[in-house]
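A quick write-up on the structure given underneath.
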Amino acid sequence: MKEAYLKIEGWVQRVGFRRWVIAQARDIGGLSGWVRNIEDGSVEIMMLGEETAINEMVKRCYSGPLFARVDNVAFMVKSEVSFLPPIQQGRFICL
């Protein structure tokens, strides 16, 4: 199992990006995690799954839903001392 923490920048809020991420996770299968809006206008995604599933989700995040404009997909480093919510195995949720 691999873990990925992404920050998606661009026009990604108020376009259904979080709901789209959850639908994509279900479509891909085998992913657990969460997605949330950040005050700076970006979206964060934390996910856990097999490498192929994570790679597919990252690939899809470069385009996003229909009305989104993705300018950047950045891989973030998760710190051991963090206030990030834990991943609930078998669930992909919107925070």
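The values are calculated or read from the model by the stated rules, or taken from the named source; none is laboratory data. Here the structure is a predicted model, which is why all the values come from computation and not from measurement. When we count neighbours, we look across all protein chains shown, and the Cβ atoms used for this are built from the backbone with ideal geometry, even at glycine. Heads up: the accessible areas ignore ligands, DNA and RNA and are worked out on the full protein's heavy atoms, side chains in. Shrake-Rupley method; radii C 1.70, N 1.55, O 1.52, S 1.80 Å.
See the values below:
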{"read-out": "√(5λ) per eigenvalue of the Cα gyration tensor, the chain, largest first, Å", "value": "19, 16, 12"}
{"read-out": "Segment residue 89-residue 71, extension gain: residue separation times 0.36 nm, minus the distance between their alpha carbons", "value": "3.5 nm"}
{"read-out": "The chain: relative contact order as a whole-number percent, Cα under 8 Å and 6+ apart", "value": "44 percent"}
{"read-out": "Neighbour cut-off at most 15 other Cβ (10 Å), DSSP loop, GluC sites (Glu not before Pro), segment 1-45", "value": "39"}
{"read-out": "Cleavage-rule hits, chymotrypsin sites (Phe, Trp or Tyr not before Pro), segment 1-94, DSSP coil, Cβ neighbours within 10 Å at most 15", "value": "62, 67, 83"}
{"read-out": "Total charge dipole magnitude, the chain, about the Cα centre, Cβ charges on Lys, Arg, Asp, Glu only, Debye to nearest 20", "value": "320 debye"}
{"read-out": "Potential extension, residue 27-residue 51 segment - 0.36 nm per residue separation minus Cα distance", "value": "7.1 nm"}
{"read-out": "Net length gained if the chain between residue 58 and residue 3 were fully extended (0.36 nm per residue, minus Cα distance)", "value": "18.6 nm"}
{"read-out": "Mean residue ellipticity (222 nm) of the chain, computed from DSSP H runs ≥ 4 via -39,500 (n - 2.57), nearest 500", "value": "-7500 deg cm²/dmol"}
{"read-out": "Surface accessible to a 1.4 Å probe, per residue, for the residues of the chain, Å²", "value": "61 Å²"}
{"read-out": "Vicinal HN-Hα couplings computed from phi for segment 53-61 (Karplus, 6.51 cos²θ - 1.76 cosθ + 1.60; Hz; Gly/Pro x)", "value": "5, 5, 4, 5, 5, 4, 4, 5, 5"}
